[in-house]
Every structure is written in structure tokens, then in C-alpha cells.
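Structure, as C-alpha cells:
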Amino acid sequence: MSKKFISGIIGIIIALLIGALVMILQGYNPIETYQALFQVSLFGLSPLATTLKNSVPLVLTGLSASVAFASGVINLGQPGQLVMGALLATLGGLYLHLPSILMVPILILLAIAGGILWASVAAILKHVFNMSEFISTLMLNMIADYFTAWAIAYPFMDHTAFSPMTPQIDKAGWLPDIGGFNLSILITLLAMAFIWIVFNRWTAGYEWRISGQNSLFARLGGCNIEKNFMAVMLVTGALAGLAGGLVVMAGPHRFLKGLGANYAWDGIMIAIVANNGLLGTLLYGIFFSAIQTGALGMELITNVPSEISQVLQAVLVLVIVAGREFLSTVMDRLEARRKVLAARRKPKEREA
Amino acid sequence: MKTAIDDLIIMRNIVKVYPPSVVAVDDVSITFRSGEIHALVGENGAGKTTLMKVLYGLVPKNAGEIVYRGKTVQFRNPGEAIAQGIGMVHQEIVLIPEYTVWQNVILGVEPVSILGHLDKEKARRLVQSKIDEFQFNLNPDAFVGEISVAAKQKVEILKLLYRNVSVLIMDEPTSVLTPQEIPQLFNELRRLRDSGHTIIFISHRLEEVLELSDRITVMRRGKKVDTVEAAATNKEDLARMMVGRNVIFTSQRTKHEPGKVVFRINDLSYIDSEGRQRLKNINLEVRAGEIVGVAGVEGNGQFELVNTIIGLIEPSQGSIKVNEQDITQASILERRKFISYVPQDRGKMGASLNASILENAIMTHHRLNKRFSLLNGLLLNYSQAKTFMNDLEARFSVVMASQFSPFKSLSGGNQQKVILGRELMLPSPFVLLDQPTRGLDVGSIEYVHQLVLKMRSEGRAVLLISAELEELFLIADRIIVLYRGEIVADLPVENTSVEEIGYLMLEGKTWKKNE
């Protein structure tokens, strides 16, 4: 754990240094730029609240991908599951009119149901036709994308708007800010705690983890591989769907065109950077959100274009993923050197 | 009195640590004399191969010194070692099957004509002259893909001789050979020694080492135990040095009457998806307190027999019963209530290498053992799991750093102890063992045998599939022979012999009937 933490921190520092080099080459002052970047994303309550709120879809789709990958299920359908969750939550918000205390949980459940629904299509395709979820989830992303685009452009379009979007959902379904922090942050942390317990404490979670590492061993040990696959698919679909619902309920309060844009792909990337670790996914998710959030503010304060944040993200991914193996090799070598010294000392002691 | 000139290679205080903390070679000093056959023996993981890889420049050493022909050397790669006259033949053979023998031999040091073309005639002639010089009985024009393993090994040796190597390191050369091919290899190695070559011979087969070598160095757990003259030692002494205590070479099996039938297979057949009959009308009973051994050349139905019993494949006909309960159609979990199972491939089937030792130890128990279940099976009781692991560790004397270390950090013998421990701590009446000693060293094999005999005395029914006939004769009560998917013999151990079973395995019938 501490090893992972250290290698993560070192990776981030190296990535920031490389980013600084790029800025210098472009003629910008890296210190001022970073200052501006983190000033609007981390320093202070309000920037932090924005960063955390923006991290919600990244963390949830990241957790979805981490749990799936660590269980040996290649669910790449988070983008589709996210927009389906967002659509269902939006529809609930448009047609239901209940007090907040009922509205919020119902919309959240609808979002989860949307994600599960879309993930179950891939699960059924696997069950009936033994179709690889790798390809079916990817293809279903496109279907979900165009389906939601159609839904917000035709049946559910807000006719007062100039671009495809739904009307705003009932105010009762809006997630409030509590002490400046949006409720979606708390819901995300609860989801994180729940999935951590499932993964690390439930009997099913044990089977998922072992199946992810060696499916044949798990099968021979009596684990029901097919049932576990279904469960993982649906649970990770639920997480992605929840992400979509929370985006709508916390943010624009409606389904806008391009709502799902890059959240889920960033989430999958974060899972890879975190090596499918759940806590790592949470921390990297917040950090990536800080960079994305800070980029906009940075563009306002300095004249550095916000695109630099994408350079920074790319460098981060490369440095951390490549550096992970390298650093652990280096640490292993240091440990080996200690052993050699110990082995060398022994004969001298014998002589003495 | 040997002079210092005879000391061709002196390795002093060699240390090699594989990161992070596996001390493979621990302060070893060893001297190889010119013109001797020097055997390096030791169990798996004793450090023999690593020590030689250090000499050959394949693995950098962490400490120590190598003196070769009176000069301190450090080869950075095998190429430098070969240039100085030291060559190594590895366990696995690396030749190009589409090339002929002579093409393989010259690859890398091709004789070229003035124009820079490969001079095929000269190359072939040079290879032929080497073959003649060492009487290798090889056809230089044969394609390597079409010659026997023994011949391929000769090609590997020839490659080194062609490069004028005078020190030849052979890493377990006999492990890939059939018993008939071994004497020929030994004659060739003796001829090489007599023509002035030095041979370092890595092995863990004691008879061979005693027969072939002049001197023997025994290694144990990365350390050198001793170097002895082959003429002045014997198998028992070597075995004791290898494992650090007396090894039982005779069976400790006690005679006792088996109980009721626990495991029963009725008229079992399996036809695979390509229509080939893999199992044919198998009838088999195993009684409580009985060990039934399954012998057979690999690929005669053992794989399918094991897989139908454990539930990976569905038989085409017939039934499998444990304690009169039909499990032919049962799920794997349902079967595991009755069956302890040790698969032949630890890393692929018996464990998850990257998961912790603890996580590997509780597999199957996590569903079947009530003490692991909280909230009606929803939660896994990890504190019970830790207690269970402590118990397993103590009962099966597992040597490990921590329960939470990855399974792959264990040695092969300890991995097998965890797997056997896990399976034996299940209360199942029937035990299915598929090659439980494959790839283990002498000490671990003995331990596994003791455990299997203990299962027998506990009154479990044991089905033991093994490729080692000695093993079956050591611990089984009955031996059945599988030949092309059929049981062709079912004999009590007392009434048969290794020769008879061997014949049955190859021919599918008894020789006696032919007389």
C-alpha cells in the first residue's frame, strides 16, 4: 500500500515536471501556471467543492471499470451505461412530481436501473450467445449514444431551446449543496464504501477477485463463474448508471447533448492508472478532476490554453503506468542489495 | 597432489540475489578442475542452475569472484563466455526446426566465401568433421524438426564444440531423454572428457551422478554442502546431504483391509467434440482406506477421467457416485462436498499465484465450511480465515513470510503443502490426486507421500494419477492401467511388477498371455 502510494506520488511529480518542461518550451511560466491551476481547483473550500463535484462521474465510472477489470470482466460499456442512467433519471425527473425526500432516492434508483438495464443486454448476449462482453459493451455504447441523442432531439426535447436537450427536471430532484459541497459527493463516497465492502468482505467479492486472477482455479474451487460474471456486469453497470444520474441531478438538471462526452472514458483510464485498485481510483479520480477543473480557471488567469491540461493528463497516465513497474523493480533491487550485504557480512563474522 | 594449474575455474564467495529477496546462491565457493566431469546436485531451487548461469554470464552476480585459467573474469553475456571456451546446454532446447543439423550448428558463425556468401560446402564439411571427431552419429543434412530429442541435444552440444568450447555445462540433460538414450549421452560425455574437455553436469538424479561423474558438489538452499569424490560416496550419503536428513526410500505402508466402497464409476464413456472416444466403459471402485493408482502413458484418458470426475466435462454415458450419491450431473460446488482435489498444474488450476496465501487457502472452504460464513453466507469471515490459515500452516509445516504474501512467493514444495492442506482440511470422503508430486524435490515428494498414506489411514478413498511408476508402487494398494481410454488391468501391487505395468502401459495387454 505505502509502496503504491509512494510510486503514485513520485509519478505525479515527474509528470508535473514534464508538463513544466512543455510549458517552458511554449514560453509560459510553469510556476505561475500550476499556481493558477491548483488555485482554482484545490486551494480553498469553494474550488475544492467544485473539483469534488466534478470528480463524481470520473470516480464512479472508474470504480465501475476497476471492479469489472479486477474481476476479469471486460466491461467497457460505462459510456453507454452512464447515458442510459442519465436518461432514465431525467425522465423520472420530468414526469414525477414528489417531495424531495422521495424524489431524490427514486431518481437515483432510476439511474441505477438504467445502467443495470444496459449492462444486462451485454450480460444476456454473453449468456445466450457466448458473445464476448469486450465487443458487445463497446457496440452498445454507440447504440446508447444515438438512442439518447434521438430521445433528447425528438420525444423529450425542450422546444424552447436551440439545441437538443430536455427541459429541466422537477426541482425536487435537484441535489442540494450542503455547506458548499454537493450531495452527489456524499452519495459517491457511500457508493465507494459499499462497493469496497462488497469487493473485500463479501463472499461474492472474494470469488470475483479470485476469478479475475485465475478463473479456472476459481471454477475448480466451486465458484459459480457464470453467476459471478452476471453479478459483476450488473453491479458495474449500476455504478456507471449512477454516475449519469448524479451528473444530471447535480449539474445542468437536464439531459444536454454531449452530456456523457468523456466522463466514462476518463473513468476507464483512471481505473487503468490506479491498477484497478478501489482507493487508488478514488484518489486519482479526484486528482484528474482537479486538473480538468483547474484548466478552465487557469485559462482565465494566465494566457495558457486549457488544452495544456490534456497534455498533462496524457503525461500523467504514461508516467504512472510505465513508472509503476519500473519503480517496483527499483525498490526490489534495493531490497536485493540489502540481502547481498547481509550475505557478505556473514563470512567476515565467521572469520572474526 | 593436484597442482594449481589443474584448477581451471575457481568461483569464490559467489552471491546471487533475485530481487527483491530470493537468495538463490549464498556465498558459494567451488573449484572445477581441468578434464573432470563435475556433477552439481541438489533439490529444485538449490541454486545449481543459477550458479552456472552466473559463470556463463547469463545472470550478473552480486558478489564474489570468478578465476578462469588463472585470470579474474566476469562474462557480461554468454557470447563472451563462449569466446573464452565456456558453453552451456540448457534444459529446454532452442533450435530452428526448419533448418538442417549443419545449418543450426553454424548459425551465428557461418563460414563465408570471398564474396561474402555463405560457403555451404565448407560449412557442411566442418560440421561433418566435428561429428566424426566426437563420434556423434548424426546426419548433418537431417532437419532438426524431424530428429529425436536426444539427437537435438547432441546438436546443442555440437554447436558449442563447433565454437571450440572446452568447458561444457549441461543443465539436467537427462530430464528430456528416455532411459535407453541416457547411456549413449554418458558415453559421449566421457569421450569428451577423455579428449580434454571439462564437463559440469547439473542433475538431481543420484544414480546418474554416481555413474558418470568424477567429483560431486552437493548444494542445498543456495549453499554448498560439500564436494566429494564420486568413488568415495554413495546414494544414501548424497541424499542425506541434499535434503539435510535421512530420506526414506522404502514404503512405510502398513497392511490393512479397506472398508466399504466410497467412490464408484459405472460404465463411463466420453466422446469428445471431434468424435474421438476418449474414455470407454470405465468401471472403477475405490474403497475407504484404499489408494488406487492410475498408470498410463500421458494422453491415454487420464485427463478426461479427472475432468469428468471433477465436473469440467460431461461424460457421454455412465455414472459417478460417491457414497452411493450420484454426482454425474452435479455442479462443481456440489461435487466438492465429497471430493478433495489436487490438480496437476499448481499455477493454472490449483491456485491463484497473485492472490495471497490466505486467499488461496480458503478456496472451497469459503462456501462449504460454515465457520467462514457470516450473515448466511453474504459476508466472508476473515478472522476465522486467519485462524484457519494459522492452523493449516502449523499442521502442514508451511514455510512462509506472511499469510498475506502472494502465493507465488512460496517455493514449489510449500505451494503444494498449502494446496494439499486446503484439500485435506475438507471433510470429503474421496480424494482425487492428479500428479501431486510433479515438479517437486525429493524432500517434498516424501512429505506428500506421507500425507497420502495418512489420508488412507484416516479411511479416505484415494485415486492417485501418476506418471511415476515408482510412486505408485510405493504408496498405492491397487494399480489400474489406462490404455487408449480403457482400463486394461486392475492389479494389486503385491501381484505385479514395474515391468509388467510398464508393458501394459505401452502395449495395452499383459505379456504373460502371449507366452
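Before moving on, here are some points about what is shown:
- Scanning segment A:205-237 for residues that are more than 8 Å from every other protein chain (Cβ to nearest Cβ), among the hydrophobic types (A, V, I, L, M, F, W, C) and surrounded by 24 or more Cβ atoms within 10 Å (Cβ to Cβ) yields A:208, A:232, A:233, A:235.
Results for (1) part of a helix (DSSP H, G or I); (2) modelled with pLDDT under 90; (3) buried (at least 18 other Cβ atoms within 10 Å of the Cβ), shown as yes or no for each residue.
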{"position": "B:175", "(1), (2), (3)": "yes, yes, no"}
{"position": "B:192", "(1), (2), (3)": "yes, yes, yes"}
{"position": "B:218", "(1), (2), (3)": "no, no, yes"}
{"position": "B:241", "(1), (2), (3)": "yes, yes, yes"}
{"position": "B:247", "(1), (2), (3)": "no, yes, no"}
{"position": "B:257", "(1), (2), (3)": "no, yes, no"}
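- Out of A:307, A:325, sole residue that is out of contact with any Lys or Arg (no Cβ under 8 Å at 6 or more places or on another chain), away from chain B (no Cβ under 14 Å) and of a type in the set (D, E, K, R): A:307
- Residue list for segment B:267-302, restricted to those being farther than 26 Å from residue B:457 by Cα and either among the polar types (S, T, N, Q) or within 14 Å of another protein chain (Cβ to nearest Cβ) (or both): B:269, B:273, B:277, B:281, B:300
- Evaluation of residue B:13 against the conditions (1) of a type in the set (S, T, N, Q); (2) crowded, with 21+ Cβ neighbours inside 10 Å; (3) facing chain A (nearest Cβ under 9 Å) shows that the sole unmet condition is (2).
- Screening residue B:438 with (1) surrounded by fewer than 20 Cβ atoms within 10 Å (Cβ to Cβ); (2) in contact (Cβ under 8 Å) with a residue 40 or more places away in the chain; (3) part of a helix (DSSP H, G or I) gives one miss only, at (3).
- Segments classed as strands (runs of 3 or more DSSP E), wholly inside segment B:458-501, with at least 2 members that are surrounded by fewer than 17 Cβ atoms within 10 Å (Cβ to Cβ): B:486-492
- Residues in segment B:374-401 that are modelled with pLDDT of 90 or more and among the hydroxyl-bearing types (Ser, Thr, Tyr) were compared, and the one that is surrounded by the most Cβ atoms within 10 Å (Cβ to Cβ) is B:382.
- Search result, residues across segment B:43-81 that are in contact (Cβ under 8 Å) with a residue 12 or more places away in the chain, surrounded by fewer than 16 Cβ atoms within 10 Å (Cβ to Cβ) and among the basic types (Lys, Arg): B:69, B:76
- Per this entry, residue B:314 is not counted among residues that are at positive phi, surrounded by fewer than 22 Cβ atoms within 10 Å (Cβ to Cβ) and in the same structural domain as residue B:269 (by TED's automatic domain parsing).
- Residues of segment B:70-101 that turn out to be at pLDDT 90 or above and at positive phi, as a count: 1
- Qualifying residues in segment B:27-42 (those that are surrounded by 21 or more Cβ atoms within 10 Å (Cβ to Cβ) and either modelled with pLDDT under 90 or within 14 Å of chain A (Cβ to nearest Cβ) (or both)) - the one nearest to residue B:10 (Cα to Cα): B:28
- Criterion applied to A:106, A:112, A:143 was being part of a helix (DSSP H, G or I), modelled with pLDDT of 95 or more and more than 19 Å from residue A:245 (Cβ to Cβ), and the one residue passing it is A:143.
- Members of segment B:345-387 that are at the interface with chain A (Cβ under 7 Å from one of its Cβ atoms) and assigned to a loop (DSSP other than H, G, I, E, B): B:351, B:352, B:354, B:355, B:363, B:364, B:377, B:378
- Test for residue A:246: is it buried (at least 17 other Cβ atoms within 10 Å of the Cβ) and outside any loop (DSSP other than H, G, I, E, B): yes
- Among the criteria (1) crowded, with 24+ Cβ neighbours inside 10 Å; (2) at the interface with another protein chain (Cβ under 9 Å from one of its Cβ atoms), the one residue A:202 does not fulfil is (1).
- If only residues of segment B:311-325 that are outside any strand (DSSP E or B) and more than 14 Å from chain A (Cβ to nearest Cβ) are counted, the one that is nearest to residue B:472 (Cα to Cα) is B:323.
- Selection within segment A:213-229 - in a helix (DSSP H, G or I) and within 25 Å of residue A:275 (Cβ to Cβ): A:213, A:215, A:216, A:217, A:218, A:219, A:225, A:228, A:229
- If only residues of segment B:326-344 that are over 18 Å from residue B:452 (Cα atoms) and at the interface with another protein chain (Cβ under 10 Å from one of its Cβ atoms) are counted, the one that is surrounded by the fewest Cβ atoms within 10 Å (Cβ to Cβ) is B:331.
- Among (1) within 9 Å of chain A (Cβ to nearest Cβ); (2) buried (at least 20 other Cβ atoms within 10 Å of the Cβ); (3) in contact with a Pro (Cβ under 6 Å, 6 or more places away or on another chain), the one test that residue B:308 misses: (1)
- Conditions (1) in contact (Cβ under 8 Å) with a residue 60 or more places away in the chain; (2) out of contact with any Phe, Trp or Tyr (no Cβ under 9 Å at 6 or more places or on another chain); (3) at positive phi; (4) not aromatic (Phe, Trp, Tyr); number of the one not met by residue B:299: (1)
- Pick from segment B:263-279, criterion more than 12 Å from residue B:317 (Cβ to Cβ) and at pLDDT below 95, ranking: nearest to the chain's Cα centre (by Cα): B:278
- If you filter segment A:155-171 down to residues that are of a type in the set (A, V, I, L, M, F, W, C) and within 27 Å of the chain's Cα centre (by Cα), you find that the one that is modelled with the lowest pLDDT is A:165.
- Flag for residue A:264 being part of a helix (DSSP H, G or I) and in contact with a Pro (Cβ under 7 Å, 6 or more places away or on another chain): yes
- The condition (being under 17 Å from residue A:284 (Cα atoms), in contact (Cβ under 8 Å) with a residue 12 or more places away in the chain and in a helix (DSSP H, G or I)) is satisfied by just one residue among A:42, A:16: A:16.
- Within segment B:357-373, the set of residues being buried (at least 17 other Cβ atoms within 10 Å of the Cβ), within 35 Å of the chain's Cα centre (by Cα) and not charged (D, E, K, R) comprises B:357, B:358, B:360, B:361, B:362, B:363, B:364, B:365, B:366, B:369.
The values are calculated or read from the model by the stated rules, or taken from the named source; none is laboratory data. Nothing here was measured: the structure is a model prediction, and the numbers come from that model. Reconstructed Cβ throughout: ideal geometry from the backbone, glycine too, with neighbour counts over all protein chains shown.
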